[in-house]
């Protein structure tokens, strides 16, 4: 059985679309349904309703209903049918060798760093593993002023030394206090704040306190997120909404409270799962697909970029997610192919300087990973020489080929 989902202007195919992003969460279901239900296949047809009459759109949909096609993501623009493909872009500044490579090089020319010495940066999810890693990178490289936003509060800072002497080093609050002290030792000025990124009133207060303390905000890294889990059959709207909240609602709230601030950049920490799917991850895939679409369609006067992170070895959801004992070894083996923190911060710098609105980070051959996920086979993954950044690859999601 086949499910065909029609959407409107989710993709930048020919360059003149007025992009939408609010429908993008459906992409999680399109990716994951076939992985959980082997007798179902899902395909997407993206139309441009602003350019075509209703009759033409109906004809295009009927075409998709009646042809036998393996194309999972299809877009119609200017009477033509386009299919989505992926093209690797080397992490180093690529040499200009051919017309095609010149085009790719121009799209990914390494630009001067957008990080300012002493710049002010707000990080949501700032007390999580990825948030703290990026905070340390900003502290180490530009002695940044950091606003670290978390959901749980810390004790008053004049009691921190006493707290550290009376609590175990493994205590979660002790860990956060120690990390903040490390950031300050690197030359950063740190303002830890507690707020729910989904609550507009709380976020307006965060912005007000940040501006009162530092006078401006130069960039925002949205790293807040909640791990998904559980097959579609057992999902409830409440479960899905809790996964959507920080990435979907949180992004919309940030967009509402930031317009008056002249940001250099807004980085959205997305996931490779929005591209490859994942058994039990329909809501999480959909939440990250929203981030991808938002970055592509954001028309604010700033650089907005979605980074679709592969798993990190040392921190992040892939490390912290508890799995049954039976697949612990598989999880351990899989993480060996993940990013080290030292690699991830270099990827962050290059992605930020690259000028793309979306960058997919894959430590393995991406089409092979997609095929493995679609076949639901835990195949032993090939190890690639990604420690050498000459071989490491960015992958652009926004590649479309005309197919009649």
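What is the spin-label model distance, in nm, from residue 239 to residue 262 if the labels are put 7 Å beyond Cα along the C-beta direction?
4.8 nm
With the Cα gyration tensor of segment 1-60 giving a ≥ b ≥ c as the square roots of its eigenvalues, does the rule (a/c under 1.5 for rounded; else a/b larger than b/c for prolate; else oblate) give rounded, prolate or oblate? Kindly include the intermediate steps, with their values, before the conclusion.
On the way: a/c = 3.17, a/b = 1.68, b/c = 1.88.
Oblate.
Return the distance in nm (one decimal) between the two label points of a simple spin-label model at residue 156 and residue 3, each offset 7 Å from Cα along Cα→Cβ.
Taking the simple label geometry, residue 156 and residue 3 are separated by 5.4 nm.
Ratio of segment 111-392's C-alpha Rg to 2.2 N^0.38 Å, to two decimals?
Details: Rg = 18.8 Å, N = 282, 2.2 N^0.38 = 18.8 Å.
So segment 111-392 has a normalised radius of gyration of 1.00.
Measure out, as a whole number of angstrom, how far apart the alpha-carbon centroids of segment 200-232 and segment 1-80 sit.
Value for the Cα centre distance between the two parts: 32 Å.
What is the gain in length, in nm to one decimal, between residue 56 and residue 204 on full extension, counting 0.36 nm per residue of separation less the C-alpha to C-alpha distance? Display every interim value, and only then the final one.
Values: separation 148, 0.36 × 148 = 53.28 nm, distance 4.50 nm.
Taking residue 56 through residue 204 to full extension adds about 48.8 nm, to one decimal.
Relative contact order of segment 111-392: what whole-number percent is it, with Cα pairs under 8 angstrom and at least 6 residues apart? Spell out each step's value before the answer.
On the way: 443 pairs, mean separation 48.6, N = 282.
Once divided by the residue count of segment 111-392, the mean separation gives 17 percent.
Pull out the extension gain between residue 189 and residue 85, defined as 0.36 nm times the separation in residues minus the alpha carbon to alpha carbon distance; nm, one decimal.
On the way: separation 104, 0.36 × 104 = 37.44 nm, distance 4.37 nm.
In short, 33.1 nm is gained.
Coordinate-derived values only; no laboratory data. Remember, it's a predicted structure, so these values are computed and weren't measured experimentally. Neighbour counts are summed over all protein chains in view; Cβ atoms, including those assigned to glycine, are modelled from backbone coordinates with ideal geometry.
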